[in-house]
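Report on one structure; see the data block that follows.
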Amino acid sequence: MTRLATVAAGALGSLMLAACSNMTATEQRTMTGGAMGAAGGAVLGAIGGNAGLGAAAGAGAGLLGGYLFDAYKETQKQAYQQGVRDGAQHASAAAAPAKKQRARAQATGGSTSGVTGDPASKDQ
């Protein structure tokens, strides 16, 4: 009987992992939070005398915690992406005056030394 329970637990674990493959990150984090909460709640509930109630309460708390954690991670990701966009805009805006000065100098046949970003410039 013990061997059958071990095989069944292994099969159930494999099935649970395979079920996560088509889920979004939000769904995965929420489900993981719920599963961890249920496990922790069952242990605490067993100590208190009602494992089922503890598992249910733990699952609810875990689901909420997993969802809130995902919301935090998504906000963090969006802030990072906004910073990357702002940095790219700032870099292109800073490079624009030097490009205009080089183009003007080349059009008039003048020297481009002293222009920031020019390979001929000694001041880099």
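The values are calculated or read from the model by the stated rules, or taken from the named source; none is laboratory data. Quantities reported herein were computed from a predicted structural model and do not represent experimental measurements. Please note: Cβ atoms are built from the backbone with ideal geometry, for glycine as well, and neighbour counts cover all protein chains shown. Keep in mind that these areas ignore ligands, DNA and RNA; they rest on the heavy atoms of the full protein, side chains included. Shrake-Rupley method; radii C 1.70, N 1.55, O 1.52, S 1.80 Å.
Here is how the numbers come out for the structure above:
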{"item": "Neighbours by Cβ (under 7 Å, 6+ apart or cross-chain): first from segment 76-100, free of Cβ contacts under 8 Å to residues at least 24 places away in the same chain and over 30 Å from THR26 (Cβ atoms); second of a type in the set (A, V, I, L, M, F, W, C) and surrounded by 10 or more Cβ atoms within 10 Å (Cβ to Cβ)", "result": "ALA98/VAL115"}
{"item": "Pairs where the first residue, in segment 60-75, is without any contact (Cβ under 8 Å) to a residue 60 or more places away in the chain and the second is of a type in the set (Val, Ile, Thr), C-beta under 6 Å, 6+ apart", "result": "LEU63/THR30; GLY66/THR30; GLY66/THR32; TYR67/THR30; ASP70/THR26"}
{"item": "Filtered residue count, segment 44-96, keeping only those that are modelled with pLDDT under 90 and among the hydroxyl-bearing types (Ser, Thr, Tyr)", "result": "1"}
{"item": "Subset of segment 48-59 (residues that are open to solvent by less than 80 Å² (accessible area, probe 1.4 Å) and in a helix (DSSP H, G or I))", "result": "GLY48, ALA51, GLY52, GLY54, ALA55, ALA56, ALA57, GLY58, ALA59"}
{"item": "Selection from segment 101-123 of residues that are within 39 Å of the chain's Cα centre (by Cα) and either open to solvent by 60 Å² or more (accessible area, probe 1.4 Å) or at pLDDT 70 or above (or both)", "result": "THR116"}
{"item": "Qualifying residue in segment 1-11 (condition: modelled with pLDDT under 90 and basic (Lys, Arg))", "result": "yes"}
{"item": "Tally, over segment 60-100, of residues that are of a type outside the set (D, E, K, R), within 18 Å of the chain's Cα centre (by Cα) and open to solvent by less than 60 Å² (accessible area, probe 1.4 Å)", "result": "4"}
